[in-house]
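Beneath this line is the structure, given in structure tokens, with notes to follow.
Just so it is clear, none of the values below were taken in a lab; they were calculated from the coordinates. Values in this document were obtained by computation on a predicted structure and should not be read as measured data. Note that each Cβ is placed from the backbone with ideal geometry, even for glycine, and that neighbours are counted across all protein chains shown.
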Amino acid sequence: MRNPITVRRRDPTSAHSPLRLPHGARVLIRPIREDDAEGYARAFTRLSAESRRRRFLSAISRLSPRDLRYLTAVDQHEHVALVAVEPGAGETLGSVRYVRIAGGRADAELAIEVIDEWQRRGVGRALLEALSAHARANGLSRFTALVAADNRPMQRALKRAVLDVEEDYGELEYLLDVDALTPPSAPGPRRATHRGREVTPRPAFSRAGIQPAARPA
């Protein structure tokens with residue numbers, strides 16, 4: 001019996017190169033690490049009460065140690081998270097994440113936040129595009145996202161990718177096309193060939209359940 005062929009997928013965030021935003025500032029987008037917990041906690045204090053409510057869909061005032069572990073000690077497979085960091089200062093400006101939906105093959109739940117003084121400067125778009133490129137390269141095709149009905153900036157950011165939207169008790173549940181959020185230059189899932197035949201890659205994720213990204217444990 002022949003050994004199965006394993007396809008190595010490209011991670012679009014692996015270069016760790018600073019990005020220039022539309023207004024000239026630079027940010028570094030990279031995978032989150034467990035030792036980012038302190039920086040993430042500082043960034044949380046730089047979110048206004050309104051931004052916290054919109055991000056966590058509740059009036060959360062602090063993150064517990066358990067919350068921080070959930071948000072930063074991710075496996076980068078079923079739960080993938082990226083951070084935007086200010087070069088030089090090293091301060092966390094925002095993060096974006098997706099969590100694989102249990103039992104699904106191509107869907108994940110999306111969540112994002114950017115500290116107030118860096119909002120409307122292109123950080124959120126850069127994070128969304130980086131995460132979407134990662135998701136696309138690893139075989140995901142759809143995101144779901146819960147958005148507060150009054151969160152107009154987030155609704156505008158997602159508008160180009162909406163496949164469906166439903167409203168329920170003041171929240172909007174979006175179904176989003178990953179391809180529509182991905183920059184045109186980002187790679188799509190690659191097909192490997194062996195002796196002229198196309199080989200189907202192994203799934204990038206397990207089916208283990210994990211809690212939603214929009215609400216930390």
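Less than 13 Å Cβ to Cβ from L19, Lys/Arg counted +1 and Asp/Glu -1: what total charge do the surrounding residues give?
Neighbourhood net charge equals +3.
Let me have the relative contact order for region 18-184, percent, based on Cα pairs under 8 Å that are six or more residues apart.
Relative CO of region 18-184 lands at 19 percent.
Report the Cα centroid-to-centroid distance between region 131-157 and region 51-97 in angstrom, as an integer.
After rounding, the separation between the Cα centres reads 16 Å.
Of S58, M154, A130, which is farthest on the positive side of the dipole of region 18-184, counting Cα position, with +1 on Lys and Arg Cβ, -1 on Asp and Glu Cβ, and the Cα centre as origin?
A130
Under the rule a/c < 1.5 gives rounded, and otherwise a/b versus b/c splits prolate from oblate, where does region 18-184 land using the Cα gyration tensor?
Note, shape of region 18-184 comes out rounded.
Around E50, with a cut-off of 10 angstrom between Cβ atoms, what is the net charge of the other residues, counting Lys and Arg +1 and Asp and Glu -1?
It works out to a net charge of +2.
Any idea what the dipole of region 18-184 comes to, in debye rounded to 20, about its Cα centre with Lys/Arg Cβ at +1 and Asp/Glu Cβ at -1?
It works out to roughly 500 debye.
Figure the gain on full extension for Q76 and A89 (residue separation times 0.36 nm, minus the Cα-Cα span) and round it to one decimal in nm.
Contour length minus the Cα-Cα distance gives 2.2 nm.
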